[in-house]
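Read through the structure below, which is laid out as structure tokens, and then see the notes.
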Amino acid sequence: MILQLKDIFKWVNSGGNRIFLLNNVDLTVKEGEFISIMGASGSGKTTLLNVIGMLDNFDEGEYTFLDESVHDLKEKHRANLYKEYIGFVFQAYHLIDELTVYENIETPLLYKKHSRSERKAMVADMLDRFNIVGKKDLFPSQLSGGQQQLVGIARALISNPKLILADEPTGNLNSEQGEEIMQLFKKLNDEGVTIIQVTHSESNAAYGSRTIHLKDGMVVNNQS
Amino acid sequence: MFKNNLKFALRVFSREKFFTAINIGGLALGFAVCILILGYVTFEFSYEDHIDNKANVYRVTTTRYVHDKKVFEGTKGPSILEQIVPVEIPNIEYATRAYYEPCLVRTDDKKYAKQKVYWVDKDFLKVFKGLLISGNPDTALDAPLKMVLTESRAYALFGNKDPIGKEVKVNEGMPFKVTGVVKDPPLNTHFKYEYLATLDTWVHYGWIQKKGNWHWNFSQNYISISNQGSKDKIQKALNNLSLLHVNPEKSEGKKIEFGLQPIKDIHLTSNYNDELEANGNLSQVYIIMGVGIAILIIVFINFINLSTTLSLRRSKDTGVRKTLGASALQLRIQYFIEAFLLNVTALIIATLIVLISSSFIESYFNISLSFKVFTNPLFWFLGILIFSICVLVVSFYPAFVLTSVAINTAIKGKIVKGRTSHAYVKQGLLVVQFCASIFLTIAAYVVYQQVDFMQNYDLGINTNQVLVLQAPTSLNAGGWRSYDEIAIKNDKYNVFRQQLIQNPALKEVASCYSIPGEEAELLRHSVKLKNSGEAIQTQVEERLIDENFFPLYEAKILAGENFKIDPTQQKIETIINEKTLKLLGFEHPEDAIGQEVFLENHLWKIRAVVADFHIKSLSDPIVPTFYANRHPFAFGHYLVKLSPQNLKTQMDFIESKWHTMYPEDPFLAHFSDSFFNEQYNQYKQFGNIFNALTILAILIANLGLLAMVSLTTVENLKAIAVRRVLGADNKAVFMLMSKGYIMLIIIAATIAIPLTYYFLMNWLNNFAYRIEIQSLVFVSAVLLILIVAVCNIMYYVLKVLKLNPAVIIREE
């Protein structure tokens, strides 16, 4: 088991009413799973993903990540935790515009104590694996959307995370590019990486081993 | 890691070219101004550095009290001090008198007029150590007719030949032997000698007694004290001597005190009677330093505001980096590196600006800059430390804002805005900036007004087209009682005058000792009406003129008759001004005519009363003055009133007459009005510096404002677009964009105006004649700042109005 959410509530107060963003969510994720979160706009998919990724807080409930109680942890420890074990992939790629492909992939390593030569070897390995060696000196604006997302995934994978969180990774891509990215996720999952993705599309969800449907912050069903 | 930081910083700069340029440009200008001000201040504080034992050299000043009220502060002291104090007061090593005279200096083939000759005693070179280049300090000035001159004067007179042992003639022809050469005086000394001649020469010619006395203050006195000596003890000992020898006068409530002035302090703190040159002004230096600091604050505020707003544009980048595992510290380091890079670049550009502009600035503002602090390692240590602290401080806030944005918000890539605490900080800083701009604008205008007021004030005399000639120095008489010698000079003058007056273009010719704008030749400290017998203890001036002086300067005689008689004989008649009239207690000018007055020991009969006029600058009040009808026995000036047309022809005519009449003396002429206005140089210089700094400060502040408006416009683009879709017209858009800034300016004005008023009242109190501050000045300054700000905003309003609001809304 990689993480477990227990009775998670998250809300905002608006005009005296409490609006629940997450309402009594329970979720257990085992290592090697590929989970898809689906639901309508505003159903709390991204919020759930952010809570899992520790980018966002929740108001009530318990969250255990690799036997650590996240709800008891201080901000700094939490940051250390996701820094170590989680990789993020964004719908809008979120590459850093001022950095080249090579540098973008290298960035997470800069925040961990890796030597220069180590970094070089790891990034080279990653470029090789994704077949983008030729593009390593280009800037994000010089790449197509699919290529940018490839770099985004490479960057998420560089520090060998146990878990990849992907927020509509194909949302900005055409269907062909989207297909490629999903194939890649499938492959990574086969290699043992745990993946949680948020998606709108049934066909993308089909790549996963399990789909969670959200509605108004509640888990509607939990099918395998 | 560091390399990555650096690389990233450079790429950010190249993306935000416009704002980076404004940021660096503003910083560079500000730093350059601060470096230049540093140079100015260093120079002003570096006076007398060329003297080896500068810390131990003092000038003895004289302060007069009447019934414990200070009535006079002078740089001169009793002529006996030099002989008595080294003997009687322990720890005084040497003492010397110094008397300044602009003299005529000649060799067989060269002659130079108005040379800076100081008459000094034998120990002069021991009081002022380190000046002598060649010659023996023990014997160079130990006898009459010995002279030491500066390197450049020696070169002017003798070329490359060794000057030692050569003969030099002074004034009427006193033959001096050159016994030594001294260093040229630097610019930063109050004592700008060219020749040092022995005072014993005067004894040799019988003009003065060898032994000085306690009541004759004709010269400055300088002493050097030993390292064991304490200033306070010596000052006490001096005043004990004064009690013993001078203060028996105390019976009439008079008291004289001696003070010790460290020579290093003379330039900035001394503003006594008989200064050797117009000194600087400490508060002026402080004010300019203050403006420098204000500019630095404006520049840093620009930096903080621009950087903070820009950093929010980078919030997405920050958020992403956080998800990639960057800690807040790591992000801040990135930010500090960028801040340092910007500031260091600005500093380098500033240094270049200073290198290029410093000589122009020196000549334009008539100031000197000194950058010798740059050779001091301590300066570098402190400078780098302070610079780093400044950069850290000003970049701390933007860095803090940058990293404190929640990842969630940040990742959405939105610019964070609205009524956050950051907005308040930004507005607060802008208020400070507007305050500084308003303060400087008002102050600069009032300073300009005051200087202008002084220069154009009706003096009560007409100094226009009055040509001032230096009277023939070669005909100097030994003293004012050498009647035969004076008669020769006067006869020649009368012939010269007749020749000039025959030219119909020349309206009038007169003679006098000192001209308007110069100190009076004689100061008296006691006045007594013969009838009432009551002695008035105060300071009055005595000036020597002839019967043509008042007509030439168009001064009004209120009662009595102008001088008429032949001015060579000793006179007992005087003309007084209105201030003297009041002093003596007369109500009407007519009442004073024929009254007899003791001026110290001399009895005078009042012949006429002249209307008050300003003979010195408007920073000094008009002083009670007695005019005596005497031809200048030595030096002095001849005055010629010209017609306004063809000045050149008239001057050529005068010069040709001069050369035939006075073949020994060079023709030296200047205009009376421009000489008079030189008194305002100090204020003009201050006004010019102040104005230039103000313009720069406003320019820099405006640069920042421009950038800020541009950034907030981007932030508010959607709000504006929505309002336009809902039907807001152009005026409403303008109001929406500008009302925030207008509020800030109003707040700033309420803070700045009282401060400015207080500061200006203080400054104006330095002047005996001053303008009143008009409220209109405050209103127009605020309006000016407002208009400039509104123009900035207008530019962006017009830009926004060109955009299609529908497109903006869709993009969001």
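Key figures for this structure:
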| item | result |
| --- | --- |
| Residue in the stretch B:288-309 that is farthest from B:GLN427 (Cα to Cα), counting only those that are open to solvent by 30 Å² or more (accessible area, probe 1.4 Å) and among the aliphatic types (A, V, I, L, M) | B:MET289 |
| Pairs with Cβ under 8 Å, 6+ apart, first in the stretch B:383-402 and among the charged types (D, E, K, R), second assigned to a helix (DSSP H, G or I) and open to solvent by 40 Å² or more (accessible area, probe 1.4 Å) | none |
| Test: residue in the stretch B:47-63 that is at pLDDT 90 or above, within 18 Å of B:LEU199 (Cα to Cα) and out of contact with any strand residue (DSSP E or B) (no Cβ under 7 Å at 6 or more places or on another chain) | no |
| Helices (runs of 4 or more DSSP H) completely within the stretch B:708-812 that count 3 or more residues being under 30 Å from B:ALA444 (Cβ atoms) and open to solvent by 50 Å² or more (accessible area, probe 1.4 Å) | B:730-764, B:775-802 |
| Selection count, the stretch B:55-83, where residues are open to solvent by 30 Å² or more (accessible area, probe 1.4 Å) and either in contact with a helix residue (DSSP H, G or I) (Cβ under 8 Å, 6 or more places away or on another chain) or charged (D, E, K, R) (or both) | 7 |
| Test: residue in the stretch B:696-708 that is farther than 29 Å from B:ALA350 by Cβ and at pLDDT below 90 | no |
| Flag if B:PHE613 is closer than 17 Å to B:CYS512 by Cβ and touching a Gly at 6+ places or on another chain (Cβ under 8 Å) | yes |
| Test: residue in the stretch A:174-188 that is under 20 Å from A:TYR82 (Cα atoms) and either away from every other protein chain (no Cβ under 14 Å) or at pLDDT 90 or above (or both) | yes |
| Count of residues meeting criterion [within 39 Å of the chain's Cα centre (by Cα), closer than 16 Å to B:ALA559 by Cβ and open to solvent by 40 Å² or more (accessible area, probe 1.4 Å)] in the stretch B:594-608 | 0 |
| Meets criteria (of a type outside the set (Ser, Thr, Tyr) and either closer than 24 Å to A:MET182 by Cβ or out of contact with any helix residue (DSSP H, G or I) (no Cβ under 7 Å at 6 or more places or on another chain) (or both)) for A:VAL123 | no |
| Enumeration of residues in the stretch A:139-175 that are hydroxyl-bearing (Ser, Thr, Tyr) and either buried (at least 17 other Cβ atoms within 10 Å of the Cβ) or touching a Lys or Arg at 6+ places or on another chain (Cβ under 6 Å) (or both) | A:SER159, A:THR170 |
| Selection count where residues are small (Gly, Ala, Ser) and away from chain B (no Cβ under 14 Å), scope the stretch A:137-156 | 3 |
| Residue list for the stretch B:194-207, restricted to those being hydrophobic (A, V, I, L, M, F, W, C) and within 16 Å of B:TYR118 (Cβ to Cβ) | B:LEU196, B:ALA197, B:LEU199, B:TRP202 |
| Meets criteria (without any contact (Cβ under 8 Å) to a residue 60 or more places away in the chain and either farther than 28 Å from B:TYR680 by Cβ or open to solvent by less than 10 Å² (accessible area, probe 1.4 Å) (or both)) for B:LEU342 | no |
| Selection count, the stretch B:583-617, where residues are among the β-branched types (Val, Ile, Thr), touching a residue at least 60 places away in the same chain (Cβ under 8 Å) and more than 25 Å from B:ALA768 (Cα to Cα) | 1 |
| Per-region count, the stretch A:117-131, residues within 23 Å of B:LEU331 (Cβ to Cβ) and either free of Cβ contacts under 8 Å to residues at least 24 places away in the same chain or within 12 Å of chain B (Cβ to nearest Cβ) (or both) | 2 |
| Selection count, the stretch B:295-346, where residues are of a type in the set (Ser, Thr, Tyr), within 13 Å of chain A (Cβ to nearest Cβ) and either on the phi > 0 side of the Ramachandran plot or in a helix (DSSP H, G or I) (or both) | 3 |
| Positions within the stretch B:691-707 being surrounded by fewer than 21 Cβ atoms within 10 Å (Cβ to Cβ) and not aliphatic (A, V, I, L, M), in sequence order | B:ASN691, B:ASN702 |
| Selection count where residues are without any contact (Cβ under 8 Å) to a residue 40 or more places away in the chain and touching a Gly at 6+ places or on another chain (Cβ under 8 Å), scope the stretch B:72-96 | 0 |
| Every residue from the stretch B:609-649 that is over 23 Å from B:VAL71 (Cβ atoms), open to solvent by 10 Å² or more (accessible area, probe 1.4 Å) and polar (S, T, N, Q) | B:SER643, B:GLN645, B:ASN646, B:THR649 |
| Single condition A:GLY134 does not satisfy, out of (1) in a helix (DSSP H, G or I); (2) within 13 Å of chain B (Cβ to nearest Cβ) | (2) |
| Filter result for the condition that a residue is open to solvent by 20 Å² or more (accessible area, probe 1.4 Å) and at pLDDT 90 or above, over B:TYR445, B:TYR483 | B:TYR445 |
| The stretch B:747-762 residues that are closer than 17 Å to B:LEU783 by Cα, paired with ones that are small (Gly, Ala, Ser) and not in a helix (DSSP H, G or I) (beta carbon under 8 Å, 6 or more apart) | none |
| Helices (runs of 4 or more DSSP H) enclosed by the stretch B:1-102 - at least 1 residues per element that are more than 14 Å from chain A (Cβ to nearest Cβ) and β-branched (Val, Ile, Thr) | B:17-44, B:81-88 |
| The stretch B:1-46, subset modelled with pLDDT under 90, open to solvent by 20 Å² or more (accessible area, probe 1.4 Å) and among the aromatic types (Phe, Trp, Tyr), residue nearest to the chain's Cα centre (by Cα) | B:PHE18 |
| Qualifying helices (runs of 4 or more DSSP H) (wholly inside the stretch A:11-116; at least 1 residues being open to solvent by less than 20 Å² (accessible area, probe 1.4 Å) and at the interface with another protein chain (Cβ under 9 Å from one of its Cβ atoms)) | A:75-85, A:101-110 |
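For every residue, the table says whether it meets (1) surrounded by 18 or more Cβ atoms within 10 Å (Cβ to Cβ); (2) in contact with a Ser or Thr (Cβ under 9 Å, 6 or more places away or on another chain).
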{"position": "A:GLN177", "(1), (2)": "yes, yes"}
{"position": "A:ILE181", "(1), (2)": "yes, yes"}
{"position": "A:ASN189", "(1), (2)": "yes, yes"}
{"position": "A:THR199", "(1), (2)": "yes, yes"}
{"position": "A:ASN204", "(1), (2)": "yes, yes"}
{"position": "A:SER209", "(1), (2)": "no, yes"}
{"position": "A:ILE212", "(1), (2)": "yes, yes"}
{"position": "A:ASP216", "(1), (2)": "no, yes"}
{"position": "A:VAL219", "(1), (2)": "yes, no"}
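The values are calculated or read from the model by the stated rules, or taken from the named source; none is laboratory data. Bear in mind the structure is a predicted one, so any value in this text is a computation, not a measurement. For neighbour counting, all protein chains shown are included, and Cβ atoms are generated from backbone atoms with ideal geometry for every residue, glycine included. Protein only, heavy atoms only, side chains kept; ligands, DNA and RNA dropped before computing areas. Shrake-Rupley method; radii C 1.70, N 1.55, O 1.52, S 1.80 Å.
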